[in-house]
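Single-structure report; data block below.
Throughout, read-outs are computed from the coordinates displayed, never taken from laboratory work. No experiment lies behind these values; they were computed from the predicted model shown. Cβ coordinates were reconstructed from backbone atoms using ideal geometry, including for glycine residues, and neighbour counts include every protein chain displayed.
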Amino acid sequence: MKIIVCMKQVPVQDSLLKITDDNTWVHEDELNWEINESDNYAMEAALRLKEEHGGEVVLLSMGPDRVKESIKQGLAKGVERALHINNEDFTTRDPFINAKLLAAAIKQESPDLVLTGLQADDTGFGQTGPILAEYLGLPHTSIVMEIEKSNGGIKVKRELEGGWFQSVELPLPALLSIQSGSNQLRYATIKGIMMAKKKEIKSLTLADLGLAEDEVDDSNSSLNFNRIFIPEKTKKAEIFEGDPKEIAAKLADKLKNEAKVF
């Protein structure tokens, strides 16, 4: 079984964000980076399937050269090889464009299973996986907690609202979006780190993917960032004075109609 895991590198969660002068994004050159949380769980799910049923796990990511540091972490955990769409000269946050880039690379590999994280920690759209499945023409389901191979297909356990779960069977090939917390993540061993140095990271350009620059140009994006901002912290205190019964009535009214606590 060949499994492709789509991985995104995102800012470390406790990063201090500084907004650019045009108020449309943050200064990325001042940030530290890590593997997106749910993508880590997708990678773990893929490695467990490989260990149980055999095959190959391929890591697919895109971005500037710094992304290779996160790719190497995946290789150290047991991924066989990696594909890196090097978009040093173009950037996009549109999930439609991202999915188009990923689909072009995946079609060249003809995998049995494609795994993505449920959503990215930075933008949080949760759309790249479903759109990618549409581009690839693959059956898809999301919020996946468990995967079991069965009779030429797979059976998955999905997390629903209110503590409920759902079992879904899909034929292969298929695409799944994996929920965080679905497994216990492994750590890279010293041996794995040393072996990762010998593993292939294949760089892919737009020409390699058969795409033109105008196809991945954010000027043609269906998604526009007009302004981003950090919420302002405010403090407000209101002091009630007078008769205790009147104070209690005012407090109850505030809690019910303004704070909405009951």
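Could you tell me which residue out of Val261, Leu47, Ile230 lies farthest along the dipole of the chain toward its positive end? Charges go on the beta carbon: Lys and Arg +1, Asp and Glu -1, centred on the Cα centre.
Projecting each Cα onto the dipole axis, the largest value belongs to Leu47.
Using the Cα centre as the reference, give the magnitude of the dipole from point charges on the C-beta atoms of the stretch 140-262 (Lys, Arg: +1; Asp, Glu: -1; all else neutral), rounded to the nearest 20 debye.
Around 800 debye, computed over the stretch 140-262.
Which residue, Ile239, Ile19, Ile85, has the most motion in a Gaussian network model of the chain that connects Cα atoms within less than 10 Å?
Ile239
Is it possible to state the helix-based mean residue ellipticity at 222 nm for the chain, with each DSSP H run of 4+ residues giving -39500 (n - 2.57), the sum divided by total residues, to the nearest 500 deg cm²/dmol? What is it?
Computed ellipticity for the chain at 222 nm equals -8500 deg cm²/dmol.
Only Cα pairs within less than 10 Å get springs; with that Gaussian network setup on the chain, which residue of Leu132, Leu17, Leu113 has the largest fluctuation?
Leu17
Roughly what % of DSSP beta bridges within the chain run antiparallel, to the nearest 5?
Given both bridge residues lie in the chain, the antiparallel proportion sits at roughly 40 percent.
On a full-extension model of 0.36 nm per residue, what is the gain between Ser203 and Leu16, subtracting their alpha-carbon distance, rounded to one decimal in nm?
Between Ser203 and Leu16, full extension yields an extra 64.3 nm.
Could I have the simple spin-label model distance between Glu69 and Lys235, label points 7 Å from Cα toward Cβ, reported in nm to one decimal?
For the pair Glu69/Lys235, the computed spacing is 3.7 nm.
At 7 Å along the Cα-to-beta-carbon direction for both Tyr187 and Glu148, put a label point, then send me their distance in nm to one decimal.
3.2 nm
Given Cβ point charges of +1 (Lys, Arg) and -1 (Asp, Glu) and nothing else, what value in debye, to the nearest 20, does the dipole of the chain about its Cα centre take?
My answer is approximately 980 debye.
Projected onto the charge dipole of the stretch 161-243 (+1 at Lys/Arg Cβ, -1 at Asp/Glu Cβ, origin at the Cα centre), which of Leu209, Leu176, Met195 gives the Cα projection farthest towards the positive end?
Met195
With the crude spin-label approximation of a point 7 Å out along Cα→Cβ, what separation in nm comes out for Trp25 versus Leu172?
Once both label points are built, they end up 3.7 nm from each other.
Distance between the C-alpha centers of the stretch 90-146 and the stretch 215-262? Whole Å please.
Taking the Cα centre of the stretch 215-262 as reference, the centre of the stretch 90-146 is 35 Å away.
Using only Cα atoms, find the angle between the long axis of helix 244-257 and the longest principal axis of the chain, and express it within 0 to 90 degrees, rounded to the nearest 10.
Helix 244-257 and the main axis of the chain meet at about 30 degrees.
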